[in-house]
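Chemist: One structure is given below, represented as structure tokens, and several questions about it will come after.
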Amino acid sequence: MPHECYGSIIVIAITDPYNLFLMNRIITGIVGVLFCLCQATGQEACYTSNYLQNIWQGSPEAARQAEAVKLFVDRQIAARQADLSWRGDGTAVITVPVVVHILYNTPNQNISDDRIYSQLKVLNDAFRRMAADTVNTPDRFKDRAADAEIEFRLATSDPNRRATTGIIHQYTPISLWEPDDKMKYSAQMGADAWDTDSYLNIWVCPLRRQLGYASFPGGDPVLDGIVLNTAVVGVTGKGDYNQGKTAVHEAGHWLGLRHIWGDDYCGDDGVDDTPQQANFTNGCPTGVRVSCGNSKDGGDMYMNYMDITTDPCTNLFTEGQKQRMRALFDPGGARYALLRSGALNPPLYQEIPVAEDAPTWLHPQLYPNPATAGVTLDLAYDPRWVGATLVVTNLQGVVVKKAVISNKIQVLDIRTLKPGLYLLNARRADGVSLKFKLVKI
Ligand SMILES: [Zn+2]
């Protein structure tokens, strides 16, 4: 179960109420340790905080850029609040073009377009406050629940203005991914982002432990987008995160929203109308839960999409969250360029590029064998073989031929070899090796 191991130890830590700063430091340390424990034992609901922390600690410039985006949003919100005549940001419904990169290794990881359609519907229902479960928003919070007036639509034009369904199915030799952004690079067997000024890129791949994570606005364009664990994409009906709400949560991050507890004990999420809250919420509680003296404000808003409660539990964004997300689309905002995207325009070229088929074989093939003139080494299942050195030895261990693998389908000329039995070896930089017996006749 995600995070189950946190709760009790944090209660012990907050019994020292005298030095908030010290307490925060202690708790941060404890949470850090517990994150490791939890990671060792279960799944993490959302990896975004760790992900961003890593980026910002590694790059002061990235941290400054994120802060600049936050200040921009703060200024836009303040200006709106000061302007008594302000009646909206003038952009009715904002439409975000989406491309989904499904990275699969096994056939069951290659989820259907229908799953993606169900995911888009969940996103739109949540951001437009049209989901059936909005009736579960408690009365005490109903007046601040908002239709964010943001919609997500699969792209109709790719970056080359060719027709697209907005869903790319791509075979990869990688069967399990870490939250380290490698899925965002074709050179790392993932898929390069489509122009992030024009598309929200969503990578769907099996993550080892995390349900998903997102970049924040204003970050490196190459990395901009959302990564979702294949298991929680769309309406699956399986497990606690079974209704596609992980994507809603991560889209909130992608639009600059922080976790409802501000990623700190009684932290600040930067939103005026979300109650201060001690921590994330496990499972799906009911009733009023009070923390950080928030009883006057309605108690914890654990049914907010930006908590990590289970999917059946979450049902609202607030007006304050809506304003922060939408301010990014103001002129000068980090998501402003998306309003000019051509991704939803009719394509110039109608034919949709055919997806490359997954290789039939998921291991190296050598044929024909026995052979007379040439043999083909088929490595199409894994392009990481390109660059490795192929060594052919005779039975006495003498190297009779060497070649660098330059192609996924490598042809080897063996006309100069004497008839007999040979061993063919290759080893990749990551240690994976292959071995074949080859008969020359
Ligand atoms: Zn999150």
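The values are calculated or read from the model by the stated rules, or taken from the named source; none is laboratory data. Treat the numbers as computed from the prediction; the structure is a model and nothing was measured. Virtual Cβ from ideal backbone geometry, glycine too; neighbours counted across all protein chains shown. Ligands, DNA and RNA are stripped out before the accessible areas are found, and what is left, the full protein with its side chains, is counted by its heavy atoms. Shrake-Rupley method; radii C 1.70, N 1.55, O 1.52, S 1.80 Å.
Chemist: Could you check Asn304 against (1) at negative phi; (2) away from the ligand (no atom under 14 Å from the Cβ) and say which number it fails?
Modeler: Result: Asn304 fails condition (2) only.
Chemist: Right, here's the next one. How many residues are within 14 Å of the chain's Cα centre (by Cα) and either among the hydroxyl-bearing types (Ser, Thr, Tyr) or within 12 Å of the ligand (Cβ to nearest atom) (or both) when one looks only at segment 229-254?
Modeler: 11
Chemist: Restricting attention to segment 375-395, and to residues there that are out of contact with any Pro (no Cβ under 9 Å at 6 or more places or on another chain) and open to solvent by 30 Å² or more (accessible area, probe 1.4 Å), which single residue is farthest from Met189 (Cα to Cα)?
Modeler: Leu395
Chemist: Out of Thr274, Thr281, report the one residue that is over 22 Å from Gln323 (Cα atoms), among the hydroxyl-bearing types (Ser, Thr, Tyr) and within 16 Å of the ligand (Cβ to nearest atom).
Modeler: Within the list Thr274, Thr281, the selection yields Thr281.
Chemist: Is there any pair with a first residue in segment 245-268 that is over 16 Å from Val227 (Cβ atoms) and not assigned by TED's automatic domain parsing to the domain that holds Leu211 and a second that is outside any loop (DSSP other than H, G, I, E, B) and within 11 Å of the ligand (Cβ to nearest atom) whose Cβ atoms are under 7 Å apart and which are 6 or more apart or on different chains, and what are they?
Modeler: Going by the 7 Å Cβ cut-off, there are no qualifying pairs.
Chemist: Another question about this same structure. Would you check if Ile405 is more than 17 Å from Lys440 (Cα to Cα), of a type in the set (A, V, I, L, M) and open to solvent by less than 50 Å² (accessible area, probe 1.4 Å)?
Modeler: It is true that Ile405 is more than 17 Å from Lys440 (Cα to Cα), of a type in the set (A, V, I, L, M) and open to solvent by less than 50 Å² (accessible area, probe 1.4 Å).
Chemist: If a residue must be touching a Cys at 6+ places or on another chain (Cβ under 7 Å) and open to solvent by 20 Å² or more (accessible area, probe 1.4 Å), how many such residues does segment 175-223 contain?
Modeler: 0
Chemist: Return the total of residues in segment 311-365 being over 30 Å from Ile405 (Cα atoms) and either touching a helix residue (DSSP H, G or I) at 6+ places or on another chain (Cβ under 6 Å) or assigned to a loop (DSSP other than H, G, I, E, B) (or both).
Modeler: Selection size over segment 311-365: 26.
Chemist: Kindly list the number of the only condition in (1) more than 30 Å from Thr286 (Cβ to Cβ); (2) in a helix (DSSP H, G or I); (3) open to solvent by less than 20 Å² (accessible area, probe 1.4 Å) that fails for Ala68.
Modeler: Ala68 satisfies all of (1) more than 30 Å from Thr286 (Cβ to Cβ); (2) in a helix (DSSP H, G or I); (3) open to solvent by less than 20 Å² (accessible area, probe 1.4 Å) except (3).
Chemist: If you don't mind, another one. Among the listed residues Arg324, Arg289, identify the single one that is on the phi < 0 side of the Ramachandran plot, among the basic types (Lys, Arg) and surrounded by fewer than 22 Cβ atoms within 10 Å (Cβ to Cβ).
Modeler: Selected residue: Arg289, the only one of Arg324, Arg289 that is on the phi < 0 side of the Ramachandran plot, among the basic types (Lys, Arg) and surrounded by fewer than 22 Cβ atoms within 10 Å (Cβ to Cβ).
Chemist: Among the residues of segment 136-155, which ones are part of a helix (DSSP H, G or I) and in contact (Cβ under 8 Å) with a residue 12 or more places away in the chain?
Modeler: Once the filter is applied, which keeps residues that are part of a helix (DSSP H, G or I) and in contact (Cβ under 8 Å) with a residue 12 or more places away in the chain, segment 136-155 yields Asn136, Arg140, Phe141.
Chemist: Looking at (1) in the same structural domain as Ala68 (by TED's automatic domain parsing); (2) open to solvent by less than 20 Å² (accessible area, probe 1.4 Å), can you tell me which one Ala334 breaks?
Modeler: The one condition Ala334 does not meet is (2).
Chemist: To continue, here is another question. Among (1) of a type in the set (Lys, Arg); (2) more than 30 Å from Ala327 (Cβ to Cβ); (3) surrounded by fewer than 17 Cβ atoms within 10 Å (Cβ to Cβ), there is one condition Arg140 misses while meeting the rest; what is its number?
Modeler: Arg140 satisfies every listed condition except (2).
Chemist: I would also like to ask the following. Kindly evaluate Ile168 against the criterion of being part of a strand (DSSP E or B) and buried (at least 16 other Cβ atoms within 10 Å of the Cβ).
Modeler: Taking the combined requirement at face value, the residue satisfies it.
Chemist: List the residue pairs whose Cβ atoms are under 7 Å apart, where the first residue sits in segment 270-295 and is within 19 Å of Ala145 (Cα to Cα) and among the charged types (D, E, K, R), the second is modelled with pLDDT of 95 or more and open to solvent by 70 Å² or more (accessible area, probe 1.4 Å), and the two are 6 or more positions apart or on different chains.
Modeler: Listed by first residue and then by second, the contacts come to Asp273/Glu319.
Chemist: Condition test on Asp269, is it assigned to a loop (DSSP other than H, G, I, E, B) and open to solvent by 20 Å² or more (accessible area, probe 1.4 Å)?
Modeler: No; evaluated as a whole, the condition is false for this residue.
Chemist: While we're on this one: If only one of Ile116, Ile111 is assigned to a helix (DSSP H, G or I), crowded, with 20+ Cβ neighbours inside 10 Å, away from the ligand (no atom under 16 Å from the Cβ) and under 20 Å from the mean Cα position of the chain (by Cα), which one is it?
Modeler: It is Ile116.
Chemist: Something else now. In segment 194-260, which strands (runs of 3 or more DSSP E) lie fully inside it and hold 1 or more residues that are closer than 30 Å to Ala278 by Cβ?
Modeler: Qualifying strands (runs of 3 or more DSSP E): 212-214, 226-229.
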